[in-house]
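Report on the following structure.
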Amino acid sequence: MILGTVFLFGLLVGSFLNVCIARLPEGRSIVSPPSHCPRCATPIRWYDNIPLLSFLVLRGRCRSCGHGISWRYPLVELLNALFFLGCVLQFGITGEAVVMMALCSSLLVITFIDIDHQIIPDVITLPGMVLGLLVGPFFMTPLAAPLPFNSAPFAGSYVTGLLNSILGLLLGGGPLWLIGLLWEKLRKIEAMGGGDVKLMGMVGSLLAWQGAFLTILLGAFAGSVVGTALIVAKKHRADAVIPFGPFLAAGAFITVFFGPDLKEWYFGMFRL
Ligand SMILES: [Zn+2]
């Protein structure tokens with residue numbers, strides 16, 4: 001019953017995320033005007049705007065003009081609903097689950113905007129960083145402890161959490177910022193967009209430095225595998241720009257849902 005409600009709520013929020021993905025990069029309002037068909041401009045009626053269902057009923061076509069509706073709309077709705085479900089299963093019905101839902105939704109929007117426009121909007125990442133520093137310290141994922149220095153005096157306190165959050169922000173954004181700076185100096189081109197730096201600042205402030213570390217590790221791994229595959233398949237030239245945001249987002253999703261297990265497994269190898 002509760003899980004069903006969470007799933008439906010996830011679909012509804014997902015539907016709103018689609019609006020954000022389409023309108024944020026163009027600087028348009030996300031509240032008005034109401035959704036309309038991009039071709040015939042007919043406003044979409046409420047019964048044609050029901051997440052997932054309407055897409056199936058209309059078989060992916062506009063009711064007035066038959067213009068094809070992208071399969072990405074239902075995909076975003078479904079993914080968001082699954083992430084919400086995952087957050088509740090992972091963190092219970094807690095404030096932490098709510099914050100992780102917000103993180104997942106933000107990452108979904110960032111992923112598709114970065115794929116379409118190769119930008120990551122500050123409108124999402126800057127408030128995300130502030131939110132991370134404000135609420136991050138109240139809960140620290142099982143990933144967070146222990147701090148890299150002797151934290152006994154602060155153990156379990158707000159201060160520990162805040163240090164974890166600040167370290168996460170710096171260690172999340174810092175390395176990408178440095179790589180970007182070096183690359184710019186060496187090749188005279190901008191390689192790592194500032195958006196990626198701020199994205200990692202947001203992820204780090206919410207998932208602590210351990211989470212940021214794991215996210216970058218997974219993101220870089222996924223990015224190099226997919227990047228190499230694309231170049232080998234000759235779909236991309238070797239110097240083509242592939243947006244890094246979606247890979248970082250994928251790394252962060254894995255960190256949120258499987259981070260503690262991965263950490264256990266990773267450090268377990270050294271405990272032999
Ligand atoms: Zn239409």
For region 81-100, which residues satisfy the criterion of being aromatic (F, W, Y) and more than 15 Å from the chain's Cα centre (by Cα)?
F91
Test C62 against the criterion of being farther than 24 Å from G204 by Cβ, buried (at least 17 other Cβ atoms within 10 Å of the Cβ) and in contact with a His (Cβ under 9 Å, 6 or more places away or on another chain), and give yes or no.
no
Condition check: crowded, with 21+ Cβ neighbours inside 10 Å and of a type in the set (A, V, I, L, M, F, W, C). Does V109 satisfy that?
yes
Is at least one residue of region 148-155 part of a loop (DSSP other than H, G, I, E, B), modelled with pLDDT under 90 and closer than 18 Å to A212 by Cα?
yes
Taking Y47, is it surrounded by fewer than 12 Cβ atoms within 10 Å (Cβ to Cβ) and assigned to a helix (DSSP H, G or I)?
yes
Which residue, of F55, F83, F91, is aromatic (F, W, Y), surrounded by 16 or more Cβ atoms within 10 Å (Cβ to Cβ) and within 16 Å of the ligand (Cβ to nearest atom)?
F55
Which of (1) at pLDDT 95 or above; (2) in a loop (DSSP other than H, G, I, E, B) does F83 not meet, given it meets every other one?
(2)
Report yes if some residue within region 6-21 is closer than 29 Å to I93 by Cβ, free of Cβ contacts under 8 Å to residues at least 40 places away in the same chain and not aliphatic (A, V, I, L, M); otherwise report no.
yes
Quick check: is even one residue across region 158-181 in a helix (DSSP H, G or I), under 20 Å from C104 (Cβ atoms) and of a type in the set (V, I, T)?
no
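So that you can scan it fast, the table gives a plain yes or no per residue for (1) at positive phi; (2) over 25 Å from the mean Cα position of the chain (by Cα); (3) modelled with pLDDT of 80 or more:
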residue	(1), (2), (3)
H236	no, no, no
V256	no, no, yes
G259	no, no, yes
W265	no, no, no
F270	no, yes, no
Region 241-256, subset touching a Cys at 6+ places or on another chain (Cβ under 9 Å) and more than 11 Å from M200 (Cα to Cα), residue surrounded by the most Cβ atoms within 10 Å (Cβ to Cβ):
V256
Matching residues, region 24-51, being among the small types (G, A, S) and more than 10 Å from the ligand (Cβ to nearest atom):
G27, S29, S32, S35
Give me the pairs: first residue in region 38-56 and modelled with pLDDT of 90 or more, second residue among the acidic types (D, E) and within 14 Å of the ligand (Cβ to nearest atom), beta-carbon distance under 8 Å, and six or more apart or on different chains, which are they?
S54/D48
Checked region 58-80 for anything within 16 Å of the ligand (Cβ to nearest atom) and in contact with a Ser or Thr (Cβ under 6 Å, 6 or more places away or on another chain); matches are S64
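The values are calculated or read from the model by the stated rules, or taken from the named source; none is laboratory data. What you see is a predicted model; the values in this text were computed from it and never measured. Cβ: placed from backbone, ideal geometry, glycine included. Neighbour counts: every protein chain shown.
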